[in-house]
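The values are calculated or read from the model by the stated rules, or taken from the named source; none is laboratory data. Since the structure is predicted, the reported quantities are computational estimates derived from the model, not experimental observations. Backbone-built Cβ (ideal geometry, glycine too); neighbour counts: all protein chains shown. Heads up: the accessible areas ignore ligands, DNA and RNA and are worked out on the full protein's heavy atoms, side chains in. Shrake-Rupley method; radii C 1.70, N 1.55, O 1.52, S 1.80 Å.
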Amino acid sequence: MTSARLHLRIETPGQASLDRRFDLDEVVVGRSTQVDVVVADNAVSRRHARLFRRGDDWLIEDLGSVNGTLVNGARVAEPKVLQPGDVVGVGPGRLIVKAVGARATSSVLAAPSADIDDWPATTLRPATDVLHGAVTGADATSRLRLLNDVHRALAAPISLGDLLELVLDRAFTSVQPEDAAIFLRRDDGELYRAAERHATRASGDLLISRSLARAVTEEGAAAIVNDVQADARFAHADSIVRSGVRSIAAAPLSDVDGCLGMIALYSRAPGRTFADDDLELLVALAAAAALRIRNIALVEEATERRLLGRELALANEIQKSRLTRPPELPDIDVAARMRPARTVGGDLYDFLVVGRHLWFVVGDVAGKGIGAALLMAVVQTLFRAAAPVCSSVEDLLARLNSELCRDNEGAVFVTALAGCLDLDTGTTRIANAGHLRPYRVGQSGLSEVAPERSAVPLGLVDDVIYPVMTLNLGAGDGLVIYTDGVCDAIDGQGRAFGSDRLEPCLQALSQAPAREIVDELFEQVDRFAAAVAQEDDITVVALRYRGHAIDG
């Protein structure tokens, strides 16, 4: 099987030149963010020109642009065949044709270098472990900022080509490799090089060994190869050795539905090797990009079939999959459930076990629908990156707040309650950012947990100090945390469920298992509301401390 290939060097004023390869039959150039090559200038029409394949040739045609399209200085009046070396003028931008033609889909893979089992643990690590790995000091702040910037950028409309270039740009800014490439999977499972970038004028295709590609894309591993030239596992990968590559770092582009491909960074300098911090940033970047790559494919499919309902249903499944399954540990009993008012929602909950501590967060994003769901994903990503490196829950909320305040011109905010439970002692510290007060349940019945003073939601005011309350949970004691969709549920007469119905329900369940508390509360709300449509997202989390479990 072969596919069309077009290699362009894209030069636009004020930006570094980009080398891009397209495995498409058509490439549209214009000012719109929905085209394949964006030239952001008012002299360029939204859909300015089209490069397309006809047989083994690539041609260019103008799409009725105001200022016209040039090839080697001559205006294009009808479709023209392109040759390597041709210069296409689109407004102030230039597209230099580097190569045209077709190639085999497997050409991005070098000869087998080793079996997967031959790679040591120091080279391959589960990407999920790397993603949750701790970084300290300034590195933690840098990682949070990188993730937030990426999520903000990905939230805007963007084409697949521009998305891949954005990912490469962030990789170069953060890790500073000499070369980088993104490999995506076709429907038949073969990898193809979808985008690449070079820091210098180095030539030659960026390749990856078959066994390393298998380890990353099939086993979900993140990898660092420190010395390709001296590594016996690359003895048969002549093409990689001849390229002068010294070190490789690679991470999978994976989401809950599988692996979409991988991103690889290359270093040619003899003394330059990638470190664990580099790999952590690369894995975090790949994880952030994978969901949007999948979403772009889903949006394109939905547009072609005019099935917006299917896109939203898939978005709902993706959002559900992002909600972490409550941890199953002998020390605790945890249950959680989130039900959006629309197909997707803005409520969130998450858990993260770090050593002998359980970190948790429950949040409610202002608004509903897709916009709230996108911000929910940002908050969840920031929580999972920050919790392992924070010394306290007030530090955690302060970091999240600082990131959400940046460039928040729309003043979108999130109410959140975060906590950290010591699994050995039951000591639990909670901090509240404008969220509803949780309830404590246990042998002594029901009581509302009131902080010393309230604090503003996340994203509104920077440099907020979040007050912390310490609870000493004994065996059988627990917490019930919820969002305002519970009390704001309305019945057919316009009455709200309210705390006057919530508290008796929780009082009766004060010694029940966590799952029973969550299920019964949802059932009570549904029975009360009857046929009235749900107007707000509803989330309930129940957490009960069983007491320190002693091994043996």
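For segment 393-410, how many residues meet the condition of being open to solvent by 20 Å² or more (accessible area, probe 1.4 Å) and within 17 Å of Val354 (Cα to Cα)? Summing the residues that are open to solvent by 20 Å² or more (accessible area, probe 1.4 Å) and within 17 Å of Val354 (Cα to Cα) in segment 393-410 gives 2. When segment 448-460 is filtered for residues that are loosely packed, with under 14 Cβ neighbours inside 10 Å and either at pLDDT 85 or above or within 20 Å of Ile538 (Cα to Cα) (or both), only Glu448 remains. Quick one: would you say Arg399 is out of contact with any strand residue (DSSP E or B) (no Cβ under 9 Å at 6 or more places or on another chain), basic (Lys, Arg) and under 19 Å from Phe351 (Cβ atoms)? When the stated conditions are applied, Arg399 passes them. So, Arg75, is that one open to solvent by less than 50 Å² (accessible area, probe 1.4 Å) and either modelled with pLDDT of 80 or more or among the basic types (Lys, Arg) (or both) or not? So Arg75 fails the test. Of the residues screened, Glu503 is one that is touching a strand residue (DSSP E or B) at 6+ places or on another chain (Cβ under 8 Å), in contact (Cβ under 8 Å) with a residue 40 or more places away in the chain and not small (Gly, Ala, Ser). Condition first: open to solvent by 10 Å² or more (accessible area, probe 1.4 Å) and either hydrophobic (A, V, I, L, M, F, W, C) or more than 24 Å from Thr428 (Cβ to Cβ) (or both). Now tell me which residues in segment 492-511 satisfy that. Listed by number, the residues that qualify are Gly492, Gln493, Gly494, Arg495, Ala496, Gly498, Asp500, Arg501, Pro504, Cys505, Ala508, Leu509.
Every residue, every condition in (1) surrounded by fewer than 17 Cβ atoms within 10 Å (Cβ to Cβ); (2) aromatic (Phe, Trp, Tyr); (3) at pLDDT 85 or above, yes or no:
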| residue | (1), (2), (3) |
| --- | --- |
| Glu317 | yes, no, no |
| Gly371 | yes, no, no |
| Val378 | no, no, no |
| Phe413 | no, yes, yes |
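Does Asp463 count as modelled with pLDDT of 90 or more, outside any helix (DSSP H, G or I) and surrounded by fewer than 24 Cβ atoms within 10 Å (Cβ to Cβ)?
no
Apart from one condition, Ala284 fits all of (1) in a helix (DSSP H, G or I); (2) surrounded by fewer than 24 Cβ atoms within 10 Å (Cβ to Cβ); the exception is (2). From the list Val468, Val486, the lone residue that is closer than 22 Å to Ala335 by Cα and surrounded by 15 or more Cβ atoms within 10 Å (Cβ to Cβ) is Val486. When you check Phe522 against the structure, is it within 30 Å of Asp331 (Cβ to Cβ) and in contact (Cβ under 8 Å) with a residue 12 or more places away in the chain, yes or no? Criteria met by Phe522. If you check Glu516 against the conditions, is it open to solvent by 50 Å² or more (accessible area, probe 1.4 Å) and at pLDDT below 95? Judged against the criteria, Glu516 is not a match. Applying a threshold of 6 Å to beta carbon distances and a minimum spacing of six or more residues, or different chains, the list of pairs starting in segment 272-284 at a residue that is more than 17 Å from Arg384 (Cα to Cα) and ending at one that is buried (at least 22 other Cβ atoms within 10 Å of the Cβ) and at pLDDT below 85 reads Thr273/Ser247; Phe274/Ser247. Among the residues of segment 471-483, those that are open to solvent by 10 Å² or more (accessible area, probe 1.4 Å) and more than 34 Å from the chain's Cα centre (by Cα) comprise Asn472, Gly474, Ala475, Gly476, Asp477. The residue that is modelled with the lowest pLDDT, counting only those in segment 146-160 that are within 25 Å of Gly30 (Cβ to Cβ) and surrounded by 20 or more Cβ atoms within 10 Å (Cβ to Cβ), is Leu154.
Would you mind stating whether Ala542 is of a type in the set (Gly, Ala, Ser) and open to solvent by 80 Å² or more (accessible area, probe 1.4 Å)? In short, no.
Considering segment 8-48 alone, what residues qualify as being assigned to a strand (DSSP E or B) and basic (Lys, Arg)? Full working, then the answer.
The initial filter retains those residues of segment 8-48 that are assigned to a strand (DSSP E or B), namely 8-11, 18-22, 26-30, 37-38.
Scanning segment 8-48 gives Arg9, Arg20, Arg21.
Residues in segment 1-59 that are open to solvent by 20 Å² or more (accessible area, probe 1.4 Å), aliphatic (A, V, I, L, M) and at pLDDT below 85: Met1, Ala16, Leu18, Leu24, Val38, Ala40.
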